[in-house]
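Reading through the structure tokens given below for one structure.
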Amino acid sequence: MVVDENVPLVAGFILFPDQTHLDLAGPWEVLTRLPNCLCLLIAAGPMPVESAGCGLTLFPTATYDVCPPLDLLCVPGGPGHLAAMEDEALLGFLRRRAPECRYVTSVCTGALVLAAAGLLSGYRATTHWLSLERLARFGAEPVADRRVVIDRDRITGSGVTAGIDFALTLASLLRGDEVARRLSLQLEYQPEPPFGGGHPSTADPALIESIRASAAPYLAAMSEIDARAAQRLGQE
């Protein structure tokens with residue numbers, strides 16, 4: 001439901017170590033431009049949090065214990081999502097705050113953190129293609145052919161770059177299509193990828209298998225974490 005621009009909104013982005021920075025930065029860039037919307041970086045405590053690989057460090061502006069009511073909750077993904085899936089302080093914060101939000105959302109493997117908190121059971125959802133099948137283990141219905149999936153008050157974006165599509169979709173839902181179009185133009189959002197095959201549906205099968213093979217240890221770790229998280233939720 002579109003919200004009048006005179007009504008303030010508060011959007012909370014979860015910070016945890018080893019996030020993929022673009023999962024957060026793309027949506028952040030869009031939503032911080034949304035009229036009358038305060039965006040917060042929420043972490044367990046006030047100390048800086050380092051993103052995965054690049055060494056980029058972000059400073060929280062709110063904590064689990066000191067955070068205003070939220071209209072929107074967003075969980076980015078990245079390698080650190082595995083530890084986040086077993087972080088009871090984080091999962092507890094998500095469970096407590098989800099009922100107050102207009103939308104509970106994620107980008108990339110942030111969906112698995114929502115799932116581990118029990119917040120995607122019975123919902124259609126998406127995530128990065130390497131993790132898509134994992135959602136079913138938590139009672140969610142994986143959607144393979146959409147960059148953004150909306151199911152009632154749950155909105156999920158697929159891998160990394162889909163975060164901008166996701167955020168513009170949110171902008172339209174919250175402030176209307178005209179605002180979303182204006183933001184698209186301000187950001188000059190008109191992708192022209194120099195290479196095709198950015199999704200398994202169009203990629204070279206040999207390249208897909210090569211990526212799966214190189215990710216084998218990571219995929220094995222995912223399976224172990226998923227088994228423990230699903231068991232805690234009583235899904236198995």
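The values are calculated or read from the model by the stated rules, or taken from the named source; none is laboratory data. Keep in mind the model is a prediction, meaning the values are calculated, not measured. Here the Cβ positions follow ideal geometry from the backbone for every residue, glycine too, while neighbour counts run over all protein chains shown. Accessible surface is based on the protein model in full, side chains and every heavy atom, while ligands, DNA and RNA are left aside. Shrake-Rupley method; radii C 1.70, N 1.55, O 1.52, S 1.80 Å.
Of the set (1) on the phi > 0 side of the Ramachandran plot; (2) in contact (Cβ under 8 Å) with a residue 24 or more places away in the chain, all apply to Leu170 but (1). One residue is enough: does the range 187-210 have a residue meeting the conditions within 25 Å of Val10 (Cβ to Cβ) and either over 22 Å from the mean Cα position of the chain (by Cα) or modelled with pLDDT of 95 or more (or both)? Scanning the range 187-210 turns up at least one residue that is within 25 Å of Val10 (Cβ to Cβ) and either over 22 Å from the mean Cα position of the chain (by Cα) or modelled with pLDDT of 95 or more (or both). Is it the case that Pro191 is part of a loop (DSSP other than H, G, I, E, B) and out of contact with any helix residue (DSSP H, G or I) (no Cβ under 6 Å at 6 or more places or on another chain)? So Pro191 passes the test. Scan the range 88-113 for residues that are touching a Phe, Trp or Tyr at 6+ places or on another chain (Cβ under 7 Å) and open to solvent by 10 Å² or more (accessible area, probe 1.4 Å) and jot them down. Across the range 88-113, the qualifying residue is only Ala89. For the range 36-54, the set of residues classified as part of a loop (DSSP other than H, G, I, E, B), more than 24 Å from Gly92 (Cβ to Cβ) and at pLDDT 95 or above consists of Asn36 only. Could you say which residue among Glu141, Glu178, Glu192, Glu188 is open to solvent by 70 Å² or more (accessible area, probe 1.4 Å), at positive phi and of a type outside the set (Val, Ile, Thr)? Just one listed residue meets the conditions, Glu188. Taken over the range 144-159, residues that are open to solvent by 40 Å² or more (accessible area, probe 1.4 Å) and within 29 Å of Leu9 (Cα to Cα) amount to 5.
Close Cβ contacts (under 7 Å, 6 or more residues apart or on different chains) running from residues in the range 116-127 that are more than 11 Å from Val104 (Cβ to Cβ) to residues that are assigned to a loop (DSSP other than H, G, I, E, B) and open to solvent by 40 Å² or more (accessible area, probe 1.4 Å) comprise Thr126/Arg146. Pairs linking a residue in the range 22-40 that is closer than 16 Å to Gln186 by Cβ and touching a residue at least 12 places away in the same chain (Cβ under 8 Å) to a residue that is open to solvent by less than 20 Å² (accessible area, probe 1.4 Å) and in a loop (DSSP other than H, G, I, E, B), with Cβ atoms under 8 Å and 6 or more positions apart or on different chains, are Pro27/Pro76. Restricted to the range 120-138, and to residues that are assigned to a loop (DSSP other than H, G, I, E, B) and open to solvent by 20 Å² or more (accessible area, probe 1.4 Å), which residue is nearest to Arg232 (Cα to Cα)? Once the filter is applied, the top-ranked residue is Ser121.
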